[in-house]
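All of the numbers you see were taken from the coordinates with simple rules; none came from a lab. As the structure is a prediction and not an experimental result, all values here were calculated from the model. Glycine gets a Cβ as well: all are built from the backbone with ideal geometry, and neighbour counts include every protein chain shown.
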Amino acid sequence: MIYLLIVNYYSTNLVLELINSIQKTSHIEYRVIIINNSTDDNSINNLKTEYVSILDTETNLGFGCACNLGLKWIYIQDPQAYVWIINPDAYLKENTLDKIKPFFELHPKISILGTIIYTPTGEIWFAGGHFIPKTGAIITQKKITNIDVDYVNCDWVSGCSLILNLNNFIECPCFDPAYFLYYEDVDFCLRYANQGYLVAINNKLSVLHQPSSITNRNVFIKIRNSTYSYLLTMNKYTNKFIFSIRLTFQILKAILAIILKPKAALGKLCGIWDYVVINQNK
């Protein structure tokens, strides 16, 4: 069974578009699991069918923890399932679901699989991620390489479109609950790669995505969350020297942006402060 896991945050119209694209482009059995992170958004219940299940949260859990709720639910139902975590502001443009099972049958060792992500204008938004511990560089590739092969190994793949082969995991895979939003996908992939799980991206699977159509609603919150998560990732996967340099750059960026982008600057400063306060005793 293929489960599509969607986290909703006041995005019913976008989720509906995604579900419609799935129905139009799939000829195999699947189920959609929606984690409703917006507790007062009753409109999402209109999408419930025998193929679409909705799990409500008591509060906004953030992306990673909401995914964990869905992953645990799916793992209990079917620990050998394929789970496609996909953003509500993404949608399918071809018979993509039909290709998932044959792909994993040919390449059963792959545990975490990403897809190529295009913008609505046809530009590549994501084609694989790399991480360089010696410098702390988190690299997003935007060009397809080795198009003749089924997949390319990479360090991390975007949580916007991430497929899990649960059969390979000895227990239910989960995101680190320390992340509320942003960089949880980088941490997820690096953490499981360090445990020996294979992470790759499929050059022949793709989705269309409207970048930041949800998170751009509030720039301050977006920058605050991303700054905190970025520093958390640097601390986990680099040394103290590199972390200090990266932290200094974040402070300088915030200071330089105060006049031109005050909301973003304030968000960055608050994100830095959040990190210092939460991690000061660790």
Of the candidate values (1) 36; (2) 47; (3) 40, the one computed for percent of Cα pairs over 28 Å apart from this structure is (1)
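Between Gln77 and Asp150, what is 0.36 nm times their sequence separation minus the Cα-Cα distance? Round to one decimal in nm. Before the final figure, lay out the partial values.
Values: separation 73, 0.36 × 73 = 26.28 nm, distance 2.95 nm.
Extra length available between Gln77 and Asp150 comes to 23.3 nm.
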Low-density loop trypsin sites (Lys or Arg not before Pro), the range 1-103, at most 14 other Cβ within 10 Å, DSSP non-H/G/I/E/B, are Lys48, Lys93
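Under the 0.36 nm per residue contour assumption, what length would be gained going from the current alpha-carbon distance of Gln141 and Phe220 to full extension? Mind dumping the intermediate values first?
Numbers: separation 79, 0.36 × 79 = 28.44 nm, distance 2.64 nm.
Full extension of this stretch gives 25.8 nm more.
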Only helices counted: for the chain, with every DSSP H run of 4 or more residues adding -39500 (n - 2.57) and the sum spread over all residues, [θ] at 222 nm is -12000 deg cm²/dmol
Across Arg217, Arg246, Arg191, the residue with the highest GNM fluctuation in the chain (Cα network, 10 Å cutoff) is Arg217
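Could you line up Ser244, Ser111, Ser53, Ser206 from fewest to most neighbouring Cβ atoms inside 10 Å? Please report the intermediate quantities before stating the final value.
Values: Ser244 12, Ser111 23, Ser53 17, Ser206 20.
If I rank by nearby Cβ atoms, fewest first, I get Ser244, Ser53, Ser206, Ser111.
Using DSSP to define loop residues, name the GluC sites (Glu not before Pro) in the range 69-163 whose beta-carbon has at most 12 other beta-carbon atoms within 10 Å.
Values: sites: Glu94, Glu105, Glu123; in loops: Glu94, Glu123.
Qualifying residues, ordered by number: Glu123.
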Of Ile221, Ile201, Ile132, the most mobile residue in a GNM of the chain (C-alpha springs, cutoff 10 Å) is Ile132
With 0.36 nm assigned to each residue of separation and the Cα-Cα distance removed, Lys134 to Lys261 gains 42.6 nm
To the nearest 20 debye, the chain has a Cα-centred charge dipole, built from +1 on Lys and Arg Cβ and -1 on Asp and Glu Cβ, of 1100 debye
Sorting Leu260, Ile147, Cys174 by the position of each Cα along the dipole of the chain (Lys, Arg +1; Asp, Glu -1; all at Cβ), the one nearest the positive end of that ordering is Leu260
GNM on the chain, Cα springs under 10 Å; top mean-square fluctuation among Cys189, Cys65, Cys174 goes to Cys174
